[in-house]
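Working notes, structure below.
The values are calculated or read from the model by the stated rules, or taken from the named source; none is laboratory data. Computed from a predicted structure; not experimentally measured. Here the Cβ positions follow ideal geometry from the backbone for every residue, glycine too, while neighbour counts run over all protein chains shown.
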């Protein structure tokens, strides 16, 4: 796994925050090729900066997204990524419909974490763990589950952005641990 793209709607709130948090969390974790993290929006506000509240809330967690410039998700961007992390089920559904070749690498953030923590993590490399998550019996539900979504803070006051940054930080820490941390021999052999 070397290229990760984080996707939301406008690419001015959730995905730039998640991109910054994920970049920070993986900067010393790469096994082999370095990990590149980017973001885009399904209806990206092309050329816009991140929302000021997003910049401030991310900065409070030590992540600088002040130079972010919004990008609209273009055909091929998801297909070119090794992992597509969506902020909501609607983003995952759009990508799997428009770029079916990326479907096996496209998850909501929460969905992937739950799949990895539910056993897909027994594989030895991040790429193998993602592949195992794809094969999990409950992977990629056909109907979007709102419980799998990171809420969009657009229009909320700074406190709302702080809550989203906190939520994203927790899920990203769990994701990075599930992708990169060694697993016990019992997990690998299926013993409990």
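Only one of 117, 101 is in contact with a helix residue (DSSP H, G or I) (Cβ under 7 Å, 6 or more places away or on another chain), surrounded by fewer than 17 Cβ atoms within 10 Å (Cβ to Cβ) and over 20 Å from residue 178 (Cα atoms); which?
Criteria check complete, one pass: 101.
Hey, does the range 140-149 have a residue that's surrounded by 14 or more Cβ atoms within 10 Å (Cβ to Cβ), at pLDDT 95 or above and touching a helix residue (DSSP H, G or I) at 6+ places or on another chain (Cβ under 9 Å)?
Yes, that holds for at least one residue.
Taking helices (runs of 4 or more DSSP H) that do not extend beyond the range 44-132, which have at least 2 residues that are without any contact (Cβ under 8 Å) to a residue 40 or more places away in the chain and either in contact with a strand residue (DSSP E or B) (Cβ under 9 Å, 6 or more places away or on another chain) or within 18 Å of residue 23 (Cα to Cα) (or both)?
Of the helices (runs of 4 or more DSSP H) lying wholly inside the range 44-132, those with at least 2 residues that are without any contact (Cβ under 8 Å) to a residue 40 or more places away in the chain and either in contact with a strand residue (DSSP E or B) (Cβ under 9 Å, 6 or more places away or on another chain) or within 18 Å of residue 23 (Cα to Cα) (or both) span 52-60, 109-117.
All but one of (1) crowded, with 20+ Cβ neighbours inside 10 Å; (2) out of contact with any strand residue (DSSP E or B) (no Cβ under 9 Å at 6 or more places or on another chain); (3) free of Cβ contacts under 8 Å to residues at least 60 places away in the same chain hold for residue 41; which doesn't?
Here residue 41 meets the rest and fails (2).
Just checking, how many residues over the range 149-165 are without any contact (Cβ under 8 Å) to a residue 24 or more places away in the chain and not in a loop (DSSP other than H, G, I, E, B)?
Qualifying residue count, the range 149-165: 2.
I'd like the residue in the range 1-42 that is part of a loop (DSSP other than H, G, I, E, B) and modelled with pLDDT of 95 or more and, out of all such residues, is nearest to residue 105 (Cα to Cα).
42
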